[in-house]
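Student: Could you have a look at this structure, given as structure tokens, before my questions?
The values are calculated or read from the model by the stated rules, or taken from the named source; none is laboratory data. From a predicted model like this one, the values you see are computed outputs, not experimental measurements. Neighbour counts run over all protein chains shown; Cβ positions are idealised from the backbone, glycine included. When the accessible area is computed, the model is the full protein with side chains, heavy atoms only, and any ligands, DNA or RNA have been set aside. Shrake-Rupley method; radii C 1.70, N 1.55, O 1.52, S 1.80 Å.
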Amino acid sequence: MKKPVRMKKLKILLHKDKKEQVLRRLFDGGNFQLENVEIEGIEDKGKQSTATVEAMSLLSRAEEVRAIFAELGIKAETDGAPIEKVHVDEKSSEETLKEISIKLNALEENARSLYTRLHEIKDEREKLETQLQTLKVLKKLNIDYSSVREEYERKYVHIYMAIGSLSTDEVKIVQQDISKVTTDFAFFSHQLSDERSIVFIVAMKKQGEEIAFILNLHTFKPLDLPEEFKDFELSDALLEFKERIANLDLEEKDVFRSLKNLALSEEKNLNVFSELLEFEKTLDEIMTLFGRTVETYVIHGWVPSDEVYNISNIIREESEGLAAIETEDASKEEFPPTLVQNPKYAAPLEVITGAYGTPAYDEYDPTSLVSITFPILFGFMFGDVGQGIVIALIGFFIGFRLTVDKAVKNAGKTIMLCGIAASLVGFLYGAFFSIEGLFEPLWLSPVHTASTNMNLLLGASLKLGVVILAIAMLANVANEAAHHKYAEAFVSKYGISGIWMLFGGAYMISKHGTDLGAIATDLIFLPLVILPLIIMFLGGWKVEKQPIMVAFVEAIFEGLVKLLVNSISFMRVAILAVIHGALSLIMVLIIEMMPPTTMGFVGKAGIFIIMNIVIIVMELFVAFIQTMRLHYYEIFSKFYKGTGRPFKPLGFIRKYTTVDKKI
């Protein structure tokens, strides 16, 4: 196991004109974690400028342009090609925001004008299509719209007429409402589509105002031909409508093509704009952590000890000597961030320890230990050569081939290690894709052993648990010794005395089983169990200064009883191994029941595949969860607090840009 990297605290007094240059370089350095400055006598804090607001506004506008493209289903066709970064000159925040604003204004104006025209074309075409459908119906009825209009306007002054479209669902409702006003009316309707129908209404003029009111309450759209069409013959109007709709279709395609070309050509720029704006926003937001005087800024932060010289040089160079730097070791009252540099083979298991908590600055990180114990425990729960290989391949694909974030990749690599362990244990169990008997097990078959000698399996699980618990308690001894608490390392219930009692109790159980009378009357029970229990009691009372009754209860229940319960908890390893074997046995029994025919052979193959998939999915989940539980509740509780905070240095991941030079 590894201890966190030693940290140094840097205190920087920096001239206000050099702040931006220094911060940009610290972002590039990636080894400086800012801390909030709290110094007596310096009450003023750094303040955010308008850069944050401007950057957020520009980001919002860039997203609106993206939304326009997305609404139309336009997206860049990357085909999984690697991203080619754009080289940009480093400028001040003010210059960067101004330049992006100018470019984004032009892009936004162009995109919105095309987008607006596209919707105008859609509305115009819908209107023309509705009018065209109406005219087609009038033609079928041999009604000339121009003559109807002329008669309406000049001759039939006592007649009210309405021609237009209405929602198909509302046709009957409108007809019923008009019948409540008058019975002297003619109502004709013809369905144009599922949504719209044409209606032709004739009634007396005196009821016209009330009928118009009813139509306005619904989705009635009057047939309102453009002025230039009103003197057209009906057949000529139909041809003209069709031509206009065809022209709108062509224009729509041209506008959409222009919008798509704009999206494809500007996608890279939008990504660059967003990345630069996010950086400027982040740069401005951290100002609130600084202390401030009239001419200077006070900056505090943590740096790994071996990076102090490099970070100090960056500050000196970028400030051109207008900075004072002071370094300090962490005091007992301070809470430095934790940076652990685990070996490459163990790093993926950080996803397990990290889910429990970050190691405190002064404690060992258990990831190296977990990289051994986690796959072993999983392997003994899920021992199968073939299924283990499948799990390992799944983990390999997630960890090394799938494009996902680091945490998911680490989870995939952890699954791969578990699959390898399961495959190796499969040789001990003699199992290959849930079938036993293809080769002799190097140790035993859990499901067959359970029927004859279950105690052998449970005993093996208990022994494995005792060994792992002892290792966890040794880690606690190492933690206590590292803090120079040598007495606690010896008398603690998870120290030398606890290990003593753990092995003593394990020996007594292996000798006498569950015969409590035999255990209690055995003379070596006193030195193996009672004596370390007394030492734990005295340690809690005299060394840890606990009240006598608290020390007694902790020694009995936290020491003796809890260690016993922790050890018994490892029986789940044997139980899950037996369950896995039982599921495999069920599969074999079903296959054997299939008839020796062609269809029977197909059925056997289907059962074999389906059952293996079910077992892999179900047992992978169950075994993984149970392995995590053993670590979190039985192992980590002995030595690992996980109360630290991770080291989060200034940094910015540039996916689309590369900075070529300084400002």
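Student: Using a simple spin-label model with points 7 Å from Cα along the Cα→Cβ vector, what separation in nm is obtained for Leu538 and Ser637?
Tutor: Taking the simple label geometry, Leu538 and Ser637 are separated by 2.8 nm.
Student: Trp500 accessible area, nearest 10 Å², 1.4 Å probe?
Tutor: Accessible area of Trp500: about 80 Å².
Student: Separate question: Can you work out the FRET efficiency for the pair Ala481 and Ile613, with r the C-beta to C-beta distance and R0 = 45 Å, to the nearest 0.05?
Tutor: Here the calculated transfer efficiency is 0.35.
Student: Can you find, among Thr282, Thr598, Val467, the residue sitting farthest towards the positive end of the charge dipole of the chain, where Lys and Arg contribute +1 and Asp and Glu -1 at Cβ?
Tutor: Value computed over the given set: Val467.
Student: Does anyone have the angle between helix 234-285 and the longest principal axis of the chain? Alpha-carbon axes, 0 to 90°, nearest 10?
Tutor: 30
Student: Still on this model: State the label only: which of (i) 31.3; (ii) 33.1; (iii) 52.0 corresponds to mean projected area of the Cα convex hull in nm² computed from the shown model?
Tutor: Computed from these coordinates, mean projected area of the Cα convex hull in nm² corresponds to label (iii).
Student: Given an 8 Å cut-off on Cα distances and at least 6 residues of separation, report the relative contact order of the chain as a percent.
Tutor: This gives 23 percent for the chain.
Student: Moving on to the next point. When we measure straight from the Cα of Lys542, which aspartates and glutamates land under 20 angstrom away, once same-chain ones fewer than 8 places off are left out?
Tutor: Glu480, Glu488, Glu554, Glu558
Student: If you line up the long axis of helix 208-217 against the longest principal axis of the chain, both from Cα atoms, how many degrees apart are they, to the nearest 10?
Tutor: It is inclined by approximately 20 degrees.
Student: Once Rh is set to the Kirkwood radius over Cα pairs, what Stokes-Einstein translational diffusion coefficient, in µm²/s, holds for the range 574-625 at a temperature of 4 °C and a viscosity of 1.567 mPa s? Could the numbers behind the result be given before it?
Tutor: Details: Rh = 11.8 Å.
Rounded to a whole number, D works out at 110 µm²/s.
Student: Reachable aspartates and glutamates from Lys103, Cα under 16 Å, same-chain residues fewer than 8 places away excluded?
Tutor: List returned: Glu54, Glu63, Glu64, Asp89, Glu94, Glu95, Glu266, Glu267, Glu275.
Student: Related question: Order 163-169, 652-658 from most to least packed using the mean count of other Cβ atoms within 10 Å.
Tutor: For the peptides 163-169, 652-658, the packing ranking is 163-169, 652-658.
Student: Taking every Cα atom in the range 475-609, find the radius of gyration and the maximum pairwise distance Dmax, and write them in Å.
Tutor: Looking at the range 475-609, its Cα Rg and Dmax stand at 24.6, 78 Å.
Student: A further question on this structure: Can you give the extra length, in nm with one decimal, that the chain gains between Ala582 and Ala605 once fully stretched, where that is 0.36 nm per residue apart less the Cα-Cα distance?
Tutor: Fully extending the segment from Ala582 to Ala605 adds 6.3 nm.
Student: Roughly what angle does helix 308-319 make with the longest principal axis of the chain, taking Cα atoms, 0 to 90 degrees, to the nearest 10?
Tutor: It is inclined by approximately 40 degrees.
Student: Heavy-atom accessible area of Glu317 with all protein chains present, probe 1.4 Å, nearest 10 Å²?
Tutor: We get 120 Å² for Glu317.
Student: I would also like to ask the following. Please state the charge dipole magnitude for the range 463-546, taken about the Cα centre, from unit charges on C-beta atoms (+1 on K and R, -1 on D and E), reported in debye and rounded to the nearest 20.
Tutor: Using Cβ point charges on Lys, Arg, Asp and Glu, the range 463-546 gives about 100 debye.
Student: Sorted by packing (mean other beta-carbon atoms within 10 Å per residue), highest first, where do 634-646, 412-424 land? Each step should come with its number before you reach the end.
Tutor: Numbers: 634-646: 19.2, 412-424: 23.1.
Those peptides, ordered most packed to least, come out 412-424, 634-646.
Student: Strictly greater than 12 Å: what percent of every Cα pair in the range 615-663 meets that?
Tutor: Tail of the P(r) past 12 Å holds 78 percent of the pairs.
Student: I've got another one for you. Going by Cα centres, the range 519-586 and the range 403-461 are how many Å apart?
Tutor: 28
Student: Using the Cα centre of the chain as origin and beta-carbon charges of +1 (Lys, Arg) and -1 (Asp, Glu), tell me which of Ile534, Asn269, Gly581 is placed farthest towards the positive end of the dipole.
Tutor: Going by the charge dipole, the pick is Ile534.
Student: Tell me, what is the percent relative contact order of the range 375-498, built from C-alpha pairs under 8 Å that lie six or more residues apart? If you can, show how the numbers build up before the last one.
Tutor: Working: 181 pairs, mean separation 26.1, N = 124.
21 percent.
Student: With a 1.4 Å probe and all protein chains kept in place, how do Phe427, Phe382 rank by accessible area, largest first?
Tutor: Ranking Phe427, Phe382 by accessible area, largest first, yields Phe427, Phe382.
Student: Now for a separate question. Give, rounded to the nearest 20 debye, the magnitude of the charge dipole that the chain has about its Cα centre when Lys and Arg contribute +1 at Cβ and Asp and Glu contribute -1 at Cβ.
Tutor: For the chain, the charge dipole is close to 2240 debye.
Student: If you don't mind, another one. Please figure out what share of the DSSP beta bridges in the chain is antiparallel and state it in percent, rounded to the nearest 5. Show your work: numbers first, answer last.
Tutor: Details: 45 of 50 bridges.
Antiparallel bridges make up about 90 percent of those DSSP assigns within the chain.
Student: From the cross-link list Lys127/Lys221; Lys11/Lys281; Lys127/Lys260; Lys406/Lys655; Lys75/Lys268; Lys3/Lys409, which pairs have alpha carbons spaced over 19 Å apart?
Tutor: Cα-Cα > 19 Å for Lys11/Lys281; Lys127/Lys260; Lys3/Lys409; rest within.
Student: What's the ranking of 519-527, 621-629 by average number of surrounding C-beta atoms within 10 Å, highest first?
Tutor: Ranked by mean Cβ neighbours within 10 Å, highest first: 621-629, 519-527.
Student: If you average the alpha carbon positions of the range 1-72 and of the range 590-663, how far apart do those two centres end up, in angstrom?
Tutor: The range 1-72 and the range 590-663 have Cα centres separated by 36 Å.
Student: Measure up Lys2/Lys648; Lys16/Lys85; Lys463/Lys485; Lys332/Lys641; Lys19/Lys344 against 28 Å on the Cα-Cα distance and list the ones that go over. Can you show the working numbers first?
Tutor: Values: Lys2/Lys648 19 Å; Lys16/Lys85 32 Å; Lys463/Lys485 30 Å; Lys332/Lys641 18 Å; Lys19/Lys344 37 Å.
Violating the 28 Å limit, Cα to Cα: Lys16/Lys85; Lys463/Lys485; Lys19/Lys344.
Student: What number do you get for the range 175-334 when its Cα radius of gyration is normalised by 2.2 N^0.38 Å, N = residues?
Tutor: Numbers: Rg = 37.2 Å, N = 160, 2.2 N^0.38 = 15.1 Å.
Rounded to two decimals, the normalised Rg is 2.46.
Student: Here is a further query. To the nearest 500 deg cm²/dmol, what mean residue ellipticity at 222 nm is calculated for the chain from DSSP H runs of n ≥ 4 alone, each contributing -39,500 (n - 2.57), summed and divided by the residues?
Tutor: -19000 deg cm²/dmol
Student: Quick one: divide the alpha-carbon radius of gyration of the range 287-416 by 2.2 N^0.38 Å and tell me what you get. The partial results should precede the final answer.
Tutor: On the way: Rg = 21.6 Å, N = 130, 2.2 N^0.38 = 14.0 Å.
This ratio for the range 287-416 stands at 1.54.
Student: At 0.36 nm per residue, and after removing the present C-alpha to C-alpha distance, how many nm does the segment from Glu278 to Ile530 gain when stretched out fully?
Tutor: Roughly 84.3 nm would be gained on extension.
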